[in-house]
Every structure is written in structure tokens, then in C-alpha cells.
Number of protein chains: 2
Amino acid sequence: VRRAPAVAGLDVLQTPALVLDLPVLEENLHRTARWAAGLGLALRPHAKTHKTTEIGLLQRRAGAVGLTIATVSEGWAFTGSELDDVLVAYSLWVDRDRGGRLRALAERAVVTVCVDSVEGAQALARHTAGAVQVLVEVDSGHHRTGVPPRGAAEVAVAAARAGLRVRGVLTFPGHGYGPGAAARAADLESRALAEAASALRGAGIEVDVLSGGSTPTLAHSDPRVLTEVRPGVYALNDAQQLELGTCTPDQIALTALATVVSRRDDAYVLDAGSKVLGADRPAWTTGYGRLLDRLDDRVVALSEHHATVRPAPGAPLPALGERLRVVPNHVCAAVNLSDVLVVADGEQVLGRWGVAARGANT
Amino acid sequence: VRRAPAVAGLDVLQTPALVLDLPVLEENLHRTARWAAGLGLALRPHAKTHKTTEIGLLQRRAGAVGLTIATVSEGWAFTGSELDDVLVAYSLWVDRDRGGRLRALAERAVVTVCVDSVEGAQALARHTAGAVQVLVEVDSGHHRTGVPPRGAAEVAVAAARAGLRVRGVLTFPGHGYGPGAAARAADLESRALAEAASALRGAGIEVDVLSGGSTPTLAHSDPRVLTEVRPGVYALNDAQQLELGTCTPDQIALTALATVVSRRDDAYVLDAGSKVLGADRPAWTTGYGRLLDRLDDRVVALSEHHATVRPAPGAPLPALGERLRVVPNHVCAAVNLSDVLVVADGEQVLGRWGVAARGANT
């Protein structure tokens, strides 16, 4: 990446501020791109994690076949010019308005959408007039959306009859988020995709795409079954990935710079709360995020503008006014709270990137 | 309020969308203003809940003495013209930049700031040159920020010596958030404020303001001790208040309009996830929010763009494409995720208000 010269240090920032370390980001993108290429897997990163056009472009240039998005409105930040292929990894309910927006998006890029019901496929076909292609979403055990693998053919046939081009099957192995859960979730993912693809082929439908993957399950993806993986968090990483063992501290690309605003004997308080970090707090995590410079401290409470931190046993309290880097539990939530990311190289500020798809939920 | 004519129904909205019911909001504001006036308590609503200038103005016109804010940057949306008095209910760490912004804010309105340490008071005085006045923040049992009541005089004396005008004491009874916890938290609040005020007076400092209050504890506020209350959520209400018994369903002024996108035998899925509702989920809540039209259903899982709902026993599933109103668990988090609120009167759209202080964290 060509870079603006660094003209300021992080000390110019008012806290809290989201800081993106560019060299760490680039290394994350290239490491995963090399891994996918080595296995012959297409890499289609989920852009909902960063919502930032510049990062989408870096991913494409690092070898991604296209990007994944979660909503139609996110698409405007991730189509056009080099960004010529997006997958909406969501079984949309498409009415006239959403159909119109999908058709407009399809004039800027190849657009693929998920379906998980006969009615959903028919509504999609009716309102997009064949402008988009589809993947059938399969439930591989996460039990959110998606049809059971044995139900995939019925939806695919309905979609094809309605005039949609069916490209294959997709699943989200969200049940891989948990200590020790990734390998089993990835195994269920391959089985579900293989079974669904086989059902589609049995119904006379060609299957080119078997799409899976998430950051925790990525290393367990089966390249004999999958054709494509869609990790999102890998670009930035977060405290959940750190605690799942999916990344190391030096692979954390995004932190919230925060100031110590209050202290007492057994705790200190930072000015980064849930309105900066997000409130995600799965039961298996150690707290509401981690401190990159004090990894053994624990974020024991989080309110809108405060993080209460218990120092590791024996560790001294930081001084009032000291600045620390907080790693959010869920980086997708943190990025979506901020209008800009401060782009830095270590302690040097390189510039700012707008979070172009922030709040793009429709 | 003078209103634009309603020219459209809610059907013009793409989901998810935050919808503010104006008559419900107005009734909430007036009911609480009447209650405070009846007890002789000054009402200083916390604007962090709505972050919307128009709502701040309605609160002021309904009799609020001023507004409460959480950050300096929120202040720009809530000062100027009629909005001439703000309290930053936060023990800020003030450096040169934050001091400069506070001085600029103090040119638009009377500005009061909290302090909870001698060093914090000295830094505030150094960088604001007496442009703001202060309240000493006291910990009444929430154990986040604030000094113990017995430590309040030391901070107040240091603030006064540093040249700041000390107006009194403040506490946040955040330990009142929980079933059956409000009365005890309000009792601890009055005791802590009374003890701290007495300590200040003993040190020769005049005390005009004893500020407390939060939406759950409001009804238990002791008007013999408190001079001022700072509820925030009461304006809009949310699923937490509903489940605490602090509001009724017809007092819920803000909901996320959402569409049923997927169904299976025992659950349905809406297109409102944590990027619209926020991820707040205290252990004592029944789930990740409530459905205003299906109060006995339970929101059992929430991801970024999906809410998974289990219908009440025997209740039929809603149809694919049906639109339902979701009540967020924590309305302050939901509003902070959206750039606009759709202002409505029942099913009629009146207009849109910008969330002027969205993301204003510094």
C-alpha cells in the first residue's frame, strides 16, 4: 500500500478512538490469502467485520475472489471498480424495494444472494427478474437460518423454476464459536454441504460453489468438500479469537485507545465502554475484552462509557491519565460503532479511513 | 409539538428501522416531569439515551432544569439556544485538548463536570481555567467510579483550592438495575449523598446539589435528601425497564421494526440483530429484547443481523415477510447504532430526526 507520511503520534488522539494497525492488518490478509491459495480454496472475506472500502480493496488485491456482505445496503461500499463480485450471505426476504436495490447493486457487480425457503426464492425471483444468482443456505448445526441439508433440493428446484441461477450451497458454522468447538463444527459443515450438494445434483442442478468457513473454524476447513471460505474477523482479530486460540496478540490489528479515568485499590476504570467496544460477552470469555499491554488484567464490567478492570494479581495499577489499548471481544460490533478508523503504524498516525458501511443494516 | 402532516405509513420503511412513537414519548416526558415537580425535585434527563437534539428540547420545554450528558462531544448536540445547562455526569480525565473542548462548550451553556480524585480535579482546573463548575462523584454501592462518601471532602477541598466552583455531590445508583434491587439502591444513594454532603459542609463547602436517580430507582428517590434526579431511559423505555416493572408496554416509545426472514417448526428469525438492537443481555432478562406485538415470545439468540425467536407455547408462527416491533433490551445502545430515528404516530410516519450525538464518545 502506498502510504501517506506519518505526521503525528497517537498522542494527538482524544480517547476513546479505534486504531487500526496497518502492518498487522496487511500481514493478516496475506497470511490467510496464502493459506487459502495453498489449499485451492477461494477466499471471499466477510466485509461486515470492517465495513471499510479500503480494507475490502486490500483483500481483493491480496487475492480474494470477491467479498461477502450481510445486507444489501452494505453492498454500496463494496461494489464498483475492482470490487466486482459480492455474496450476500443472508437469506433475505425480498420485497419490491429490496428487490429494486438488489437490481441496482447488480449493475455494479456480480451479486449472489442466499435463499432458505421456497417462498423466499420465489419472492427474490419476482422482484429481481434474474439479476442475481443464488446459493441455498443450509443449516449445519448452528440452528439460526438455513434449511436442513435434505431440504436443500426443494428450495433449489423452486429457485431454478422461478428463473434464478442456482450456483450451489452455503452454510455458516457459527457453532464453532466456543472453546474446542471449531473442529466439530467444521466437520458438520463439510458433511452438511456435501449432503446438500449431492441432493441438488440428484435433482439435476449443477453445483459449483460449496461455501463455508468462519475465522474460528478456518483451520479445520475441508478442502476436499468446500470450494470457498468466508472468514471475516481474521482481518482484524479480537479478544474472542485470542481466547479461542485463533490468533496471537501480535495479530490483533484493531484496538480502542483508552484513558485511565479512575482508580481504587483493586481496580481501575477506562473511558472505553460498550458504546465503543460493543457489549458482546459470551459466557466462555474471560471478560468484556482484553488489554493488549496488560494481557493478564481482566475487564470485569462494562457500561456505556466505562470499562472496569481488575489488575492481574501483583500487577501495579496504571496511573490516572495513562493510555491503554483495549481489544474488543467482537471486532465487528466495535467497528460498527465508529464513523472512522485511525490508521496507524505502531505509534504513528498515517491517516483515517471512513467506516463506509457503518450502520448499513437494511 | 407542531407536527408535519403524516404522508406515509410504516410500510414505506425498509427493515430494520428504529421507529419512535411521538405521542408515547411526549406522555413519558410529561408524566415524569409532573412527578418530579410534585416532589420538588429538579429533573435533569440523561440525553445519552436518545442522543437527539429534538428530544432534548422537548425535555427542556417539559420542565427539565437542564440535561445530563456522558461525554464532552455529546455536548455539542445539547447546548446552545434554549439548551443552556449541561452536566457531564462523568469523572473526566482532562488533558489540554479535552480542556479546550470543555471551555468551548462553556461558551454555549453552563457546564458542570464530575470529579472523583484530587489529581482529576487539579487537571480539570488546570485545563479549564474555571470555566466549568463541579460535583464530586460518590460511590453509593455500584462500585464503578466515584469516591467513598467519607473521601468526598478531600476531593472537594482540592477542587476548591484549585479554583473550581464546587456545587455539590452526585452518585449513580447503577446497582438498582436488577429485579427487586431498586429500593435498596435508592436507599444507599440517599445515605451516600447525605454523608458526602455533610462531609463537604463540615469542610466549609456549600452544597446546593445532591444529584442521583436513574430510571429503575426513580420512584424510590428520597426528596428529603436529593435535589435533582437524572433518569435517561424513561423517555423511551426498553425491555429491561419492562422486565423490571418500571414501565408498561404502552410506555415503550422506541422499537425496531423488523421482518420475519426465516421460519422453522419451533422458531422464527427476524432481520434485527445486535447491530440494530445492541448486544446487552443482563442475566436476569428473559432474552435479547421483547416483541411488542407478541409479548410472550422469547428472543433466545441474537447475532449481528438475526434475532431468533421462540413463540409462546401454542402461539402460531408469524408469516414470512410479516413485520414485528422489537423492543431492545437497552435503548441507549440501540439509538447509538442508528443515524436517524423515524418519528411516527402509531402507523403513520411524521418524519425523521437525526441522532445528532451518535458515536460521540470523546
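The values are calculated or read from the model by the stated rules, or taken from the named source; none is laboratory data. Keep in mind that what you see is a predicted model, and the values were worked out from it rather than measured. A quick note on method: Cβ atoms are made from the backbone with ideal geometry, for glycine too, and the neighbour counts reach across all protein chains shown. Only protein heavy atoms, including side chains, enter the accessible area calculation; ligands, DNA and RNA are left aside. Shrake-Rupley method; radii C 1.70, N 1.55, O 1.52, S 1.80 Å.
Would you check if A:R352 is more than 21 Å from the chain's Cα centre (by Cα), over 30 Å from B:T15 (Cβ atoms), of a type in the set (K, R) and surrounded by fewer than 22 Cβ atoms within 10 Å (Cβ to Cβ)? In short, no. Only residues that are open to solvent by less than 20 Å² (accessible area, probe 1.4 Å) and under 24 Å from the mean Cα position of the chain (by Cα) were counted in the stretch A:176-208, giving 9. Screening A:S81 on (1) in contact with a strand residue (DSSP E or B) (Cβ under 9 Å, 6 or more places away or on another chain); (2) of a type in the set (S, T, Y); (3) surrounded by fewer than 19 Cβ atoms within 10 Å (Cβ to Cβ) shows it passes everything except condition (1). Would you check which residues across the stretch B:138-164 are closer than 19 Å to B:V94 by Cα and within 13 Å of chain A (Cβ to nearest Cβ) and list them? Of everything in the stretch B:138-164, those that are closer than 19 Å to B:V94 by Cα and within 13 Å of chain A (Cβ to nearest Cβ) turn out to be B:V138, B:R144, B:T145, B:G146, B:V147, B:V155. Looking at the stretch A:307-321 only, could you name the residues that are open to solvent by 10 Å² or more (accessible area, probe 1.4 Å), without any contact (Cβ under 8 Å) to a residue 60 or more places away in the chain and in a loop (DSSP other than H, G, I, E, B)? Of everything in the stretch A:307-321, those that are open to solvent by 10 Å² or more (accessible area, probe 1.4 Å), without any contact (Cβ under 8 Å) to a residue 60 or more places away in the chain and in a loop (DSSP other than H, G, I, E, B) turn out to be A:P311, A:A312, A:P313, A:G314, A:A315, A:P316, A:L317, A:A319.
Only one of the numbered conditions (1) farther than 23 Å from B:A123 by Cβ; (2) within 11 Å of chain B (Cβ to nearest Cβ); (3) in contact with a Gly (Cβ under 8 Å, 6 or more places away or on another chain) is not met by A:V349, and that is (2).
When residues of the stretch B:273-321 are filtered for being among the basic types (K, R), within 27 Å of A:N329 (Cα to Cα) and more than 12 Å from chain A (Cβ to nearest Cβ), how many remain? Total satisfying the criteria: 2.
Inspect all residues belonging to the stretch B:36-53 and state whether any of them is within 14 Å of chain A (Cβ to nearest Cβ), of a type outside the set (D, E, K, R), assigned to a strand (DSSP E or B) and open to solvent by 10 Å² or more (accessible area, probe 1.4 Å). Looking through the stretch B:36-53, at least one residue is within 14 Å of chain A (Cβ to nearest Cβ), of a type outside the set (D, E, K, R), assigned to a strand (DSSP E or B) and open to solvent by 10 Å² or more (accessible area, probe 1.4 Å).
This table checks each residue for (1) within 21 Å of A:G232 (Cα to Cα); (2) among the hydrophobic types (A, V, I, L, M, F, W, C).
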position: A:Y268; (1), (2): no, no
position: A:A272; (1), (2): no, yes
position: A:T286; (1), (2): no, no
position: A:V299; (1), (2): no, yes
position: A:E304; (1), (2): no, no
position: A:A315; (1), (2): no, yes
position: A:A319; (1), (2): no, yes
position: A:P328; (1), (2): yes, no
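Output the residues belonging to the stretch A:1-35 that are more than 14 Å from every other protein chain (Cβ to nearest Cβ), more than 21 Å from A:V335 (Cα to Cα) and over 17 Å from the mean Cα position of the chain (by Cα). If the condition is that a residue be more than 14 Å from every other protein chain (Cβ to nearest Cβ), more than 21 Å from A:V335 (Cα to Cα) and over 17 Å from the mean Cα position of the chain (by Cα), then A:V1, A:R2, A:R3, A:A4, A:P5, A:A6, A:V7, A:R34, A:W35 are the ones that fit.
Quickly run through the stretch B:322-335 and pick out the residues that are under 27 Å from B:S262 (Cα atoms), open to solvent by less than 10 Å² (accessible area, probe 1.4 Å) and within 12 Å of chain A (Cβ to nearest Cβ). The answer is B:P328, B:N329, B:V331, B:A334, B:V335.
Would you be able to tell me the number of residues in the stretch A:75-99 that are assigned to a helix (DSSP H, G or I) and facing chain B (nearest Cβ under 10 Å)? Spell out the reasoning first.
Just the residues of the stretch A:75-99 that are assigned to a helix (DSSP H, G or I), to begin with: A:75-78, A:96-99.
Next, only the ones that are facing chain B (nearest Cβ under 10 Å) stay: A:97-98.
Within the stretch A:75-99, residues that are assigned to a helix (DSSP H, G or I) and facing chain B (nearest Cβ under 10 Å) number 2.
Inspect all residues belonging to the stretch B:108-130 and state whether any of them is farther than 23 Å from A:D271 by Cβ, within 14 Å of another protein chain (Cβ to nearest Cβ) and either touching a residue at least 60 places away in the same chain (Cβ under 8 Å) or assigned to a helix (DSSP H, G or I) (or both). No; the residues of the stretch B:108-130 include none that is farther than 23 Å from A:D271 by Cβ, within 14 Å of another protein chain (Cβ to nearest Cβ) and either touching a residue at least 60 places away in the same chain (Cβ under 8 Å) or assigned to a helix (DSSP H, G or I) (or both).
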